[in-house]
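Participant: The structure is given below, and queries will be raised subsequently.
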Amino acid sequence: ILNVEQSPQSLHVQEGDSTNFTCSFPSSNFYALHWYRWETAKSPEALFVMTLNGDEKKKGRISATLNTKEGYSYLYIKGSQPEDSATYLCAFMKTSYDKVIFGPGTSLSVIP
Amino acid sequence: NAGVTQTPKFQVLKTGQSMTLQCAQDMNHEYMSWYRQDPGMGLRLIHYSVGAGITDQGEVPNGYNVSRSTTEDFPLRLLSAAPSQTSVYFCASSYGPPSSYTFGSGTRLTVV
């Protein structure tokens with residue numbers, strides 16, 4: 001069983017603060033990493049697909065970086081807004097024919 | 001474009017009953033997966049399929065069966081429901097690695 005970890009488990013920030021959280025995965029083999037945003041009572045929605053060491057992706061105020069050699073990815077949110085409140089999931093694939101394993105998620109609450 | 005459609009949205013079963021959760025997608029995705037969501041544990045993979053006629057076990061397959069006779073459909077069967085199977089079940093599909101998943105809206109199952 002692959003071990004995909006996320007930290008912190010939960011986070012409360014004030015509106016306007018910037019924040020970041022971590023996804024850790026086994027560094028021995030790497031094929032792809034996904035980030036998803038999951039709002040309460042909805043389904044997860046894809047944010048980024050990351051495949052190369054050193055990848056940096058950006059979507060509005062949200063960005064992500066990837067370090068496959070050390071086995072981690074960071075998700076950054078600049079100037080958090082209440083609508084950013086959600087659980088952020090990462091999902092890891094070791095090889096192109098392997099299953100997709102999700103981390104437990106980081107729950108973000110942005111206080112107005 | 002319907003995306004990924006799951007039925008039913010809610011279901012209550014008695015211990016020992018069997019049922020099938022339906023999942024259909026109209027995006028011609030090859031990959032389909034079933035996940036269950038439990039508090040504090042994120043999304044855990046039950047079974048997945050990389051194409052019609054091909055299925056494999058995920059992290060928590062016991063008590064569940066799947067089949068993939070067509071590209072569009074990927075039903076999940078509970079053989080003899082147990083209270084431990086009370087959960088929210090998500091079906092997801094993708095074009096294949098490294099593409100991200102599109103999720104259905106979920107089925108909330110309660111086993112009493």
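Participant: Report the net charge of residues surrounding A:ASN53, where surrounding means a beta-carbon distance below 14 angstrom and charges are Lys +1, Arg +1, Asp -1, Glu -1.
Facilitator: Details: positive: A:LYS57, A:LYS69; negative: A:ASP55, A:GLU56, A:GLU70.
Surrounding charge for A:ASN53 is -1.
Participant: Could you tell me the number of lysine pairs in the protein assembly as shown with C-alpha atoms less than 29 Å from each other, where the two lysines are 8 or more residues apart or belong to different chains?
Facilitator: 24
Participant: Per-residue mean of other chain beta-carbon atoms within 10 angstrom of the beta-carbon, peptide B:31-41? Display every interim value, and only then the final one.
Facilitator: On the way: counts 2, 0, 2, 0, 4, 0, 4, 0, 0, 3, 3.
Partner-chain Cβ atoms within 10 Å, mean over residues of B:31-41: 2.
Participant: Further, regarding this structure: Of the peptides B:100-106, A:82-88, how do they stack up when ordered by the mean number of other Cβ atoms within 10 Å, highest first?
Facilitator: B:100-106, A:82-88
Participant: Rounded to the nearest percent, how much of the accessible area of chain A (1.4 Å probe, protein heavy atoms only) is carbon and sulfur?
Facilitator: The value for chain A is 46 percent carbon and sulfur by accessible area.
Participant: Further question: Taking beta carbons within 10 Å but only from partner chains, what does the mean come to for residues B:11-24?
Facilitator: 0
Participant: Further question: Work out from phi, with θ = phi - 60° and the Karplus expression 6.51 cos²θ - 1.76 cosθ + 1.60, the ³J(HN,Hα) of each residue of region B:29-45, listed in order in whole Hz, and give x for Gly and Pro.
Facilitator: For region B:29-45, the Karplus curve yields 7, 7, 8, 9, 9, 10, 10, 10, 10, 10, x, x, 10, x, 9, 10, 7 Hz.
Participant: While we're here: Would you work out what percent of the accessible area of region B:5-112, with all protein chains in place, is carbon or sulfur (probe 1.4 Å)?
Facilitator: Answer for region B:5-112: carbon and sulfur cover 51 percent of the accessible area.
Participant: Same structure again: Could you work out the mean count of beta carbons from other protein chains within 10 Å of each residue's beta carbon in B:94-101? Spell out each step's value before the answer.
Facilitator: Values: counts 4, 0, 2, 10, 10, 4, 12, 9.
Mean partner shielding for this stretch: 6.
Participant: Just to be sure I understand the model, the point goes 7 Å from the Cα along the line to the Cβ. What's the resulting B:MET41 to A:ASN3 distance in nm?
Facilitator: 1.8 nm
Participant: Would you please give the residues with an amide H less than 5 Å from that of A:ALA32, counting only those at least 5 places away or on a separate chain, with H modeled from the backbone geometry?
Facilitator: A:MET93
Participant: Could you order B:ARG108, B:ARG68 so the one with the most accessible surface comes first? Probe is 1.4 Å.
Facilitator: Highest to lowest solvent-accessible surface, that is B:ARG108, B:ARG68.
Participant: How much net charge surrounds B:PRO98 when only the other residues with a Cβ under 14 Å from the Cβ of B:PRO98 are counted, with Lys and Arg +1 and Asp and Glu -1?
Facilitator: 0
Participant: From Cα pairs below 8 angstrom and at least 6 apart in sequence, can you work out the relative contact order of chain B, rounded to a whole percent?
Facilitator: This gives 36 percent for chain B.
The values are calculated or read from the model by the stated rules, or taken from the named source; none is laboratory data. What you are looking at is a predicted structure, and each value in this text was computed from that prediction instead of being measured. With ideal geometry, Cβ positions are generated from the backbone for all residues, glycine too; neighbour counts draw on all protein chains shown. The area values use the complete protein model at the heavy-atom level, side chains included, leaving out ligands, DNA and RNA. Shrake-Rupley method; radii C 1.70, N 1.55, O 1.52, S 1.80 Å.
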